[in-house]
Structures are given as structure tokens and as C-alpha cells.
Amino acid sequence: LQNELKDRYGSALNSLILIGSVRDEARLEEIFTQYHPSIVFHAAAHKHVPLMEDSPAEAVKNNVFGTLNVANAPINMESSGLSTDKAVNPTNVMGATKRVTEIIIRHMASISKTRFMAVRFGNVLGSNGSVVPLFKKQIESGGPVCVTHPDITRYFMTIPEAAQLVLQAGGMAESGAIYVLDMGKPVKIDDLARNMIRLMGYTPDIDIMVKYVGLRPGEKLYEELILDDERDRLITTA
């Protein structure tokens, strides 16, 4: 990313890349005290559902306590934390940790002069771990395309939409708010897989087989965007 920014913007971009861990309170305090950031986007989370089911303590240490460390760091003005639709009625460790982080952010907003907000994401097309490049690779290798369940659905957003949502939330900056992109109707993963097979010039279940492999640990058939008690305070943005 550093090299890409240098190639694209050269000396016009005044950037500084530093390495640290949100679990290292001393490192956070060192950086924040030296550079006094006025806006912080916190996205340093473990987000892979099955891996977090296997290592729940790591999910808690990084997602929960890492967020708490960032929230307690000396921030001048504004902070934003990235959450997930899996935080709504969570059935897995990762979703539960992200729900706790939302509660932390809302609590910090109530006791601090710093403005805190959470941005709740769906599945980002083209991101690491996205099903689209995975399906593409499976099709190119001759199949099968592995779908966990014929009825599983997910909300999807693009990388530009995700980035714009984070920036828009930072600009609106209503402390304690949870922002959610209006992602329209959920998509059946089975339909997505079959459409990709057709778009690549093959016929599903003839040229390329679709195989149902079962839900992974902690995985839900469908995701929800909003808790019932959130409807009056949640901010949805298009």
C-alpha cells in the first residue's frame, strides 16, 4: 500500500507509515502522543469467522481489548470503528466480539469529548476472503464450486462503497451512532455461484458442478443489519 501511494501521488502525498499493534497500549500511546491525530479509523480486527471459532481468545484479545485500547488512546477529536453485520444477533465468536466493540464505542461516546461512531459492514466484494475470487478460482480449475448451503444469503457492497461509507460516517460524526449502508436485498450465494459459472461460459451442474458442503462453524444462513431496539437510533446511509 505504501509503494502504491508513492507511485500514484509521489511527493504530493504527505504520508507516514508506522507499524504497531492495537494490543500494545504503550505503542499506541507513543504514536498518538507524538502525532496527535484528529481522526482515527480503527479497522484492525480479526474477521474470519471459522478461524475465530477455533481461536476465540485471540478474537477477544484483538477485537475487544484492541478496540478498548484505541478508544482509550489520546485522540483529540474524532474516532471511527468498523463493525460487521455479524454483530447483529451474533451466533459466532467474531460477531460477538464486534458487538462488544460497538457497545464499547457507544459507552466511550457517552463519557468522552471525543466523538465515537461505528460503521457496520456487510460483505465487501473483492476484499480478502470474498467469495467472488474464490468462486472464480474454483471455476477456472474446473470445479466444483463449493457453496455452504443452497439457501444461504448475504448482503454485499463494493470496496468503493465501503470506503465512501467510512468517510461519510466520519464527516457526519454523530457521536455514539452506528452507521449502516443501505445494501438493498440480500443475495443468494447459490445464485451468485451459478451466475458466475454462466458468465464464464459454462453451464452449472453440467460443465461445472455446484457442491453443497454445509455451514461452517458459527455461520448463519442469513445476516441481519439491524437489531430491533436499534431502529430509532441507527443511521442508514445510501
**Q.** Probe 1.4 Å, protein heavy atoms only - accessible area per residue of the chain in square angstrom
**A.** 56 Å²
Q: Go from 0 up to the bin containing the longest alpha carbon distance in segment 133-235, width 5 Å each, and give me the % of pairs per bin.
A: 2, 11, 17, 16, 16, 13, 10, 8, 5, 2, 0
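Can you show me the helix-derived [θ] at 222 nm for the chain, built from DSSP H runs with n ≥ 4 at -39,500 (n - 2.57) apiece and divided by the number of residues, rounded to the nearest 500.
Estimated from H runs of four or more residues: -11000 deg cm²/dmol.
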Q. Where both residues lie in segment 91-238, what percent of DSSP beta bridges are antiparallel, nearest 5?
A. 15 percent
Q: Report, to the nearest 10°, how far helix 93-111 tilts away from the longest principal axis of the Cα atoms in the chain, using its own Cα long axis and a range of 0 to 90°.
A: 30 degrees
**Q.** Peptides ranked, highest mean first, by Cβ atoms within 10 Å: ranges 187-196, 2-11, 156-165
**A.** 187-196, 156-165, 2-11
Q) Which residues' amide hydrogens lie under 5 Å from the amide hydrogen of THR84, considering only partners 5 or more residues apart or on another chain, with H built in the peptide plane? A) PHE121
Q: Just order 12-18, 96-102 by mean Cβ neighbour count inside 10 Å, highest at the front, would you?
A: 96-102, 12-18
Q: Determine ³J(HN,Hα), in whole Hz, for all residues of segment 28-39 in sequence, where each value follows from phi through the Karplus function 6.51 cos²θ - 1.76 cosθ + 1.60 and θ = phi - 60°; x replaces Gly and Pro.
A: 4, 5, 4, 5, 5, 5, 6, 10, 6, x, 9, 9
Q) Quick one: which of 139-149, 58-68, 210-220 comes out on top by average Cβ neighbours within 10 Å, and what's the full order, highest first? A) 58-68, 139-149, 210-220
Q. Taking a threshold of 22 Å on the Cα-Cα distance, which of the pairs LYS6/LYS47; LYS61/LYS188; LYS188/LYS211; LYS136/LYS211 fall above it?
A. LYS6/LYS47; LYS61/LYS188
Q: Would you mind computing Rg(Cα) / (2.2 N^0.38 Å) for segment 71-173, counting N as its residues?
A: 1.34
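Over segment 88-168, with every protein chain in place, what whole percent of the accessible area is carbon and sulfur at 1.4 Å, could you tell me?
Exposed carbon and sulfur together represent 59 percent of the surface.
The values are calculated or read from the model by the stated rules, or taken from the named source; none is laboratory data. Because the structure is a prediction, the values reported are computed rather than measured. So basically every Cβ, Gly included, is an ideal-geometry build from the backbone, and we count neighbours across all protein chains shown. In case anyone asks, the SASA skips ligands and DNA or RNA and just uses the protein heavy atoms, side chains included. Shrake-Rupley method; radii C 1.70, N 1.55, O 1.52, S 1.80 Å.
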